[in-house]
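**Q** So that we are looking at the same thing, I have put the structure below in structure tokens.
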Amino acid sequence: MLYNFSHFSDAYIESRKYLKENIIAKFPPYITFQLVNRCNFRCIMCPVSYIKSNTNELDFNLFKKAVDEIAKYGSLIRFIGYEEPLLYSNIKEAISYVKSKGLKLHITTNGSLLSDELINFIIDKKVDSIVFSFQGLSQNEYMTIRNVNATKYKKVLNNIQNLYKKRVDTVPFMKITTTITKRDNLNSKDEFIKSHSKYSDEVQITGFTHFIHIDEFFKKPKIWSELNIEKPTQKESVKCFLPNYEMLIKHSGDIIQCCGAFSDEMRIANIKDSSLYDIWHSKKADKIRKIINSGNLTCFSDCKVCPIRYSYDEIENSVSDMIKN
């Protein structure tokens, strides 16, 4: 086995070895599955809100095929995406299958679908890590950016608190993350962290809420005036090394070297075509890596509007504040 992670975070530590041009992981230390093509939220910064969604989801047999191969290498598996992974019709079976292979499993969710039954199941299967994604530093800002009402917000908080109370030996590890805009009161960061740390192991403010893709890719230039915020400043030069260690398997089975991609321009292949190992080391994968590693982030639509290319004076696009309990 290539990897033998004792903790899910070891996969991220491993990935840092490949933050250099042309230094490629033998096999991705973590692999992300986008299980479905839909979400139960309509967040105004999210591509899903502007793309026609459907009920298509990853074929479970293909999912198992991928997990079987991943198990040979020991990579962390992540259920993450712009979509909501808990909508997957085989979510319990998927969790069970990953854990039956002895692999570490992480899930990022909006938290709204965590029923008592699902919470008990997650605890029983010893899911390693869950991130609950927020926007803003207040309930009102969360409701505005996430396009939900107070009832939904309170339900999310109740679900998080319920899981926190029921879990055993701090498993799963629980983190709340948020992004912010200049609409937020930046002096309330400490209060946000303090209040949410009561029912999580870690709270992070991970940078600014991104809207460049909504403006330029989805042709919604009024988003700035509607929210009364300014565009971020474009950085002069940026290099990206995600394709050196990251793999995304979409609901269609298509494979991309970036978990933030929402278009299919960087598609390498489909899971049906070959083994993950061969796809990872294919000529097409290598070609995309060289382009992106060089700093040419205008060749692909996803890269062109990527938040790493932009900045605000008062809000960094990085983990600027966090607390660990």
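Coordinate-derived values only; no laboratory data. Predicted, not measured: the structure shown is a model, and the values here were computed from it. We place every Cβ from the backbone using ideal geometry, glycine too, and count neighbours over all the protein chains shown.
**Q** Greater than 27 Å separation of Cα atoms is the criterion. Which listed pairs, K152/K198; K26/K101; K52/K222; K219/K287, meet it? The partial results should precede the final answer.
**A** Working: K152/K198 20 Å; K26/K101 20 Å; K52/K222 20 Å; K219/K287 29 Å.
The answer is K219/K287.
**Q** Could I ask something else about it? Among P172, V156, Y142, which residue has its Cα positioned farthest towards the positive end of the charge dipole of the stretch 124-221, with +1 placed on the Cβ of Lys and Arg, -1 on the Cβ of Asp and Glu, and the dipole taken about the Cα centre?
**A** It is V156, whose Cα lies furthest towards the positive end.
**Q** Whole-Hz ³J(HN,Hα) for each residue in the stretch 205-212, computed from phi via Karplus 6.51 cos²θ - 1.76 cosθ + 1.60 with θ = phi - 60°, x for glycine and proline: what do you get?
**A** 9, 9, x, 8, 6, 9, 10, 4
**Q** So, one more: Taking just the alpha-carbon atoms of the stretch 247-310, what radius of gyration and Dmax come out, in angstrom?
**A** Both quantities, over Cα of the stretch 247-310: 11.7, 36 Å.
**Q** To the nearest 500 deg cm²/dmol, what mean residue ellipticity at 222 nm is calculated for the chain from DSSP H runs of n ≥ 4 alone, each contributing -39,500 (n - 2.57), summed and divided by the residues?
**A** Values: 12 runs with 102 residues, N = 325.
When only DSSP H runs of four or more count, the value is -8500 deg cm²/dmol.
**Q** Let me ask something else. Specify, per residue and in Å³, the volume enclosed by the convex hull of the alpha carbon atoms belonging to the chain.
**A** Numbers: hull volume 41.5 nm³, N = 325.
Considering the Cα atoms of the chain, their hull volume per residue is 128 Å³.
**Q** Determine how many Å³ per residue the convex hull of the Cα atoms of the stretch 151-198 encloses. If you can, show how the numbers build up before the last one.
**A** On the way: hull volume 4.3 nm³, N = 48.
Per residue, the Cα convex hull of the stretch 151-198 comes to 89 Å³.
**Q** Next up: Before anything else, pin down the relative contact order of the chain: Cα pairs under 8 Å, at least 6 apart, normalised by residue count, whole percent. All intermediate terms of the calculation are to be shown ahead of the outcome.
**A** Working: 578 pairs, mean separation 68.4, N = 325.
Once divided by the residue count of the chain, the mean separation gives 21 percent.
**Q** Among the Cys residues of the chain, which have no other cysteine Cβ under 4.7 angstrom away?
**A** C39, C240, C258, C259, C299, C303, C306
**Q** Then there is this: Please find the FRET efficiency linking N40 to Q234, where r is the Cβ-Cβ separation and R0 is fixed at 45 Å, and quote it to the nearest 0.05. Working shown, then result.
**A** Details: r = 33 Å, r/R0 = 0.74.
Result of the calculation: an efficiency of 0.85.
**Q** Can you list the residues, at least 5 places off or on another chain, whose amide H is less than 5 Å from the amide H of F173, using H built in the peptide plane?
**A** S129, I130
**Q** Given H placed on each backbone N at 1.01 Å, which residues far from G207 in sequence or on other chains put an amide H within less than 5 Å of it?
**A** HN-HN under 5 Å from G207: I180, S318, S320.
**Q** Take the stretch 1-130, drop everything but the C-alpha atoms, weight them equally and run the Debye formula without solvent; then report log10 I(q)/I(0) at 0.11, 0.14, 0.15, 0.22 Å⁻¹ to two decimals.
**A** Each listed q corresponds, in turn, to -0.42, -0.67, -0.76, -1.33.
**Q** For the stretch 217-325, what log10 I(q)/I(0) values come out of the Debye formula at q = 0.17 1/Å, with one point per alpha carbon and no solvent?
**A** Results for the stretch 217-325 at q = 0.17 Å⁻¹ read -0.91.
**Q** At 7 Å along the Cα-to-beta-carbon direction for both N61 and K126, put a label point, then send me their distance in nm to one decimal.
**A** Spacing of the two 7 Å Cα→Cβ label points: 3.1 nm.
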